[in-house]
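S.K.: Quick one: the structure is below, questions incoming.
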Amino acid sequence: MTRANLDVLIPWPDLAVRHGSWPDGLGVHVWDAVTPDSEPDQEVLDRIGLWVMPYGVGGAERLLERLPALRAVQSLSAGVESLEPLLPAGVRLCNGRGLHDASTAELALGLILAAQRELPHWAAEQAAGRWAPHRTRSLADSRVAVIGYGSIGSALATRLRACEAEVVPVASRARPDEGVYAVSDLTALLPDIDVAVLVLPENAATVGLFGAKQLAALPDDALVVNVGRGRTLDTDALLAEVATGRLRAALDVTDPEPLPAGHPLYTAPGVFITPHVGGGSAAFRPRAERLIVAQVRRWAAGEELLNPFPRG
Ligand SMILES: NC(=O)c1ccc[n+]([C@@H]2O[C@H](COP(=O)([O-])OP(=O)(O)OC[C@H]3O[C@@H](n4cnc5c(N)ncnc54)[C@H](OP(=O)(O)O)[C@@H]3O)[C@@H](O)[C@H]2O)c1
């Protein structure tokens, strides 16, 4: 079969109602991976060329072995490190780059503000019925390293600048015209940083990238934030720094994940944790729908798909 007569499988119904009809002649099928016994018949699966995977549903990958004509997979996640090795040879992978920018950037901003302005402390004071004000740190005038200055990192930078913070962007390579530093300069930059935000994908080069040496290079009282992937930050090294009260942390992603009950990070001083909810907000669905519709139309027209991973 050629791509032109292969169907597509998407996770949600009604997209055509909201976004205009599907291209003539294209077979569009729906599987949400959640509704019991809802898997399409094998006769349908035999014709699927493009699969848009359900988002955040564990075990959906099981369908891969039942899709013999599969040419391309669209993940709605930005981080695809666990999916990539499962794909059969020759199947193109596209990721959800861009879908989570607003949602994850606003959570990162929220974590930073919560830590700088001591919102967890004030919530505990409210619960105790106490009114005992003091001055706090601020985000304004802070120097914030955004380590991983890609789609989410640059969305975060826009929000940080609106809060009058100074942004120090860091990526794998320097981009002098954008003021972006190379990761090879990271340790030298850290002594002047008040807030270090990790927005990195997980790959061979990023696992453990922010370890004891980088943490030690930060000044006393600096805040470490992670909204990328847990394994990019060395948990033991972070625990050692926060235990003394020298550094603080706000983490949406952890290593391990889920963080098991009783893990020392839960009770470490100066650590604020959210359970990997950066991308999980109302901002996701409309952006995801727009990407799915664009990809399906490109598929039907025989055009290059958006968001190839790895990026070319
Ligand atoms: N908390 C959540 O719920 C949540 C939600 C969505 C995504 N995420 C995570 O966030 C990650 C980033 O997403 P994105 O869409 O912003 O990805 P992206 O656009 O691909 O950006 C990734 C950035 O990381 C940089 N980078 C990659 N390897 C590096 C290395 N070895 N050293 C230094 N920098 C490196 C890249 O550098 P270059 O610019 O030089 O290529 C790029 O700036 C995802 O992979 C995912 O794991 C988390």
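S.K.: What value, in deg cm²/dmol to 500, does the helix sum -39500 (n - 2.57) over DSSP H runs of n ≥ 4 give at 222 nm once divided by the residues of the chain?
M.R.: On the way: 10 runs with 87 residues, N = 312.
After summing the helix terms and dividing by the residues of the chain, the value is -8000 deg cm²/dmol.
S.K.: Turning to a different aspect of this structure: Could you list the GluC sites (Glu not before Pro) in the stretch 75-121 that lie in coil according to DSSP, counting only those with at most 14 other Cβ atoms within 10 Å of their Cβ?
M.R.: none
S.K.: Could you list log10 I(q)/I(0) for the stretch 1-89 at q = 0.20 Å⁻¹, which the Debye formula gives when each Cα is one point scatterer?
M.R.: Each listed q maps to, in turn, -1.02.
S.K.: Bin width 5 Å, alpha-carbon pairs only: give the P(r) of the stretch 227-297 as whole percents, running from 0 to the bin holding the largest distance.
M.R.: Spelled out per bin, shortest first, that is 3, 15, 21, 19, 11, 8, 8, 7, 5, 2, 1, 0.
S.K.: Related question: Seen from all sides and averaged, what is the projected area of the convex hull of the Cα atoms in the stretch 1-156, in nm²? Mind dumping the intermediate values first?
M.R.: On the way: hull surface 57.5 nm².
The directionally averaged projection comes out at 14.4 nm².
S.K.: Okay, moving on. Using a Förster distance of 45 angstrom, determine the FRET efficiency expected from the C-beta separation of E304 and A212, and round it to 0.05.
M.R.: 0.55
S.K.: Sticking with this one: How long are the semi-axes of the equivalent ellipsoid of the stretch 143-199, taking √(5λ) for every eigenvalue λ of the Cα gyration tensor, in whole Å from largest down?
M.R.: Semi-axes (√(5λ), whole Å): 16, 13, 9.
S.K.: For the stretch 175-312, just list the percent of Cα-Cα distances falling in each 10 Å bin from zero outward, please.
M.R.: The calculated distribution, bin by bin, is 10, 33, 28, 19, 8, 1.
S.K.: Under a point spin-label approximation (7 Å from Cα along Cα-to-Cβ), what is the R297-H121 distance to one decimal in nm?
M.R.: Computed distance between label sites R297 and H121 equals 5.1 nm.
S.K.: Here is a further query. Please state, as a whole number in µm²/s, the translational diffusion coefficient that the Stokes-Einstein equation yields for the stretch 101-273 at 25 °C and 0.890 mPa s, with Rh defined as the Kirkwood radius across alpha carbon pairs.
M.R.: Rounded to a whole number, D works out at 151 µm²/s.
S.K.: Follow-up question, since we're still on this one. Distances over 26 Å make up what percent of all Cα-Cα pairs in the chain?
M.R.: 51
S.K.: Between L113 and V34, what is 0.36 nm times their sequence separation minus the Cα-Cα distance? Round to one decimal in nm.
M.R.: Stretched fully, the L113-V34 segment lengthens by 24.9 nm.
All of the numbers you see were taken from the coordinates with simple rules; none came from a lab. On a predicted model such as this, the values are computed, not experimentally measured, just so you know. Reconstructed Cβ throughout: ideal geometry from the backbone, glycine too, with neighbour counts over all protein chains shown.
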